[in-house]
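Single-structure report; data block below.
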Amino acid sequence: MNFLSGHISGNAGYCVFCEIIEGRVPGTVHYMDNDVVVITNQLKWVPVMLLVMPKEHMSQEDLWSGDILSKLSNVALTMGKKFCPGGFRLLSNFGHDAIQSQSHGHLHVLGGTRLGPYV
């Protein structure tokens, strides 16, 4: 089963997240400061799907091993509490087997319904 059919960018040099951050591609922005942006995920698997990311393009590995993770985590918690008062899940995908579709590091905020088991 291909959950992301039509959503994975085939152009290695193109980053839709960078395009949204720069205002060249439309996106619903819920929060932005000098370092972090929060947008609505175009996928609709659960009622609330937000993406929390650094404005600077970096890999998942760089995000998780760098100083920016603390700031992203705080923003993700704030957004989760705001949009999902009944509870939410924070997660990141690393690599093909985890269905990571974008090279720009990011956190997912998922909620708005009972989420069920992890896998």
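Given Gly86, Gly112, which one is over 21 Å from Met32 (Cβ atoms) and touching a strand residue (DSSP E or B) at 6+ places or on another chain (Cβ under 6 Å)? Show your work before the answer.
Values: Gly86 fails: touching a strand residue (DSSP E or B) at 6+ places or on another chain (Cβ under 6 Å).
Selected residue: Gly112, the only one of Gly86, Gly112 that is over 21 Å from Met32 (Cβ atoms) and touching a strand residue (DSSP E or B) at 6+ places or on another chain (Cβ under 6 Å).
When you scan region 101-109, do you find a residue that is closer than 24 Å to Cys15 by Cα and in contact with a Ser or Thr (Cβ under 6 Å, 6 or more places away or on another chain), even just one? Please lay out each step first, then the result.
Applying the first criterion (closer than 24 Å to Cys15 by Cα) to region 101-109 yields 101-109.
Next, from what is left, pick out any that are in contact with a Ser or Thr (Cβ under 6 Å, 6 or more places away or on another chain): 105, 107.
Yes, that holds for at least one residue.
So is Leu115 more than 12 Å from the chain's Cα centre (by Cα) and part of a helix (DSSP H, G or I) or not? Spell out how you get there, then give the answer.
Details: more than 12 Å from the chain's Cα centre (by Cα): yes; part of a helix (DSSP H, G or I): no.
It is false that Leu115 is more than 12 Å from the chain's Cα centre (by Cα) and part of a helix (DSSP H, G or I).
Assess whether Leu51 counts as being in contact with a His (Cβ under 6 Å, 6 or more places away or on another chain) and closer than 25 Å to Gly13 by Cα.
Values: in contact with a His (Cβ under 6 Å, 6 or more places away or on another chain): yes; closer than 25 Å to Gly13 by Cα: yes.
Yes, satisfied.
Taking the options Val29, Val25, Val75, name whichever one is surrounded by 15 or more Cβ atoms within 10 Å (Cβ to Cβ) and at negative phi. Don't jump to the end; show me each part of the working.
Numbers: Val29 fails: surrounded by 15 or more Cβ atoms within 10 Å (Cβ to Cβ); Val25 fails: surrounded by 15 or more Cβ atoms within 10 Å (Cβ to Cβ).
Exactly one residue qualifies, and that residue is Val75.
Taking region 11-43 as the region of interest, how many residues are at pLDDT 95 or above and of a type in the set (Asp, Glu)?
2
Residues are listed down the side, and each one gets a yes or a no for (1) over 20 Å from Thr40 (Cβ atoms); (2) modelled with pLDDT of 95 or more; (3) of a type in the set (Val, Ile, Thr):
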{"residue": "Pro54", "(1), (2), (3)": "no, yes, no"}
{"residue": "Asp62", "(1), (2), (3)": "yes, no, no"}
{"residue": "Asn74", "(1), (2), (3)": "no, yes, no"}
{"residue": "Phe83", "(1), (2), (3)": "no, yes, no"}
{"residue": "Gly86", "(1), (2), (3)": "no, yes, no"}
{"residue": "Leu91", "(1), (2), (3)": "no, no, no"}
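Restricting attention to region 46-72, and to residues there that are assigned to a loop (DSSP other than H, G, I, E, B) and in contact (Cβ under 8 Å) with a residue 40 or more places away in the chain, which single residue is surrounded by the fewest Cβ atoms within 10 Å (Cβ to Cβ)?
Filtering region 46-72 for residues assigned to a loop (DSSP other than H, G, I, E, B) gives 46-47, 55-59, 66-67.
From what's left, in contact (Cβ under 8 Å) with a residue 40 or more places away in the chain: 46-47, 57-59.
Working: Val46: 18, Pro47: 11, His57: 14, Met58: 18, Ser59: 14.
Looking at the filtered set, the residue picked out is Pro47.
The values are calculated or read from the model by the stated rules, or taken from the named source; none is laboratory data. These numbers come from a predicted model, not from an experiment. Cβ: placed from backbone, ideal geometry, glycine included. Neighbour counts: every protein chain shown.
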